[in-house]
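Participant: This structure is in structure tokens; I'll ask about it shortly.
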């Protein structure tokens, strides 16, 4: 997913702990990777990303809440838990397009 010819590679390379991102590779019961999830908690916004494939990526931005942990459940169960998180921005689509839009958001503005 991070090969030189993969369109989302420049965005994925920016999703590092040095840039505030923390992620994990999710594996199935056989140990095969099925998705990558990452979160970045900022002073104002919390960004979360779930990448299943080049064609399937979901990202959202929620307001950071200082007094409790934000778990953007809409990333995992978007149809089962409508409105569980007060997302101010949410996109579902091709990885390159979703990440490009996420990285265009400014820290102070949700949309």
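Participant: Can you order the peptides 25-35, 43-53 by their average number of other Cβ atoms within 10 Å per residue, highest first? It would help to have the intermediate numbers written out before the result.
Facilitator: Details: 25-35: 9.8, 43-53: 18.7.
Ranked from most to least packed, the peptides come out as 43-53, 25-35.
Participant: Please compute the length gained on full extension between residue 55 and residue 28, using 0.36 nm multiplied by the number of residues separating them and subtracting their Cα-Cα distance.
Facilitator: On the way: separation 27, 0.36 × 27 = 9.72 nm, distance 1.92 nm.
The residue 55-residue 28 span can extend by a further 7.8 nm.
Where a number appears in this text, it was derived from the coordinates with a stated rule and is not lab data. Note that the structure is predicted; figures quoted are calculated from it, not measured. No Cβ is skipped: glycine too gets one built from the backbone with ideal geometry, and neighbour counts run over all protein chains shown.
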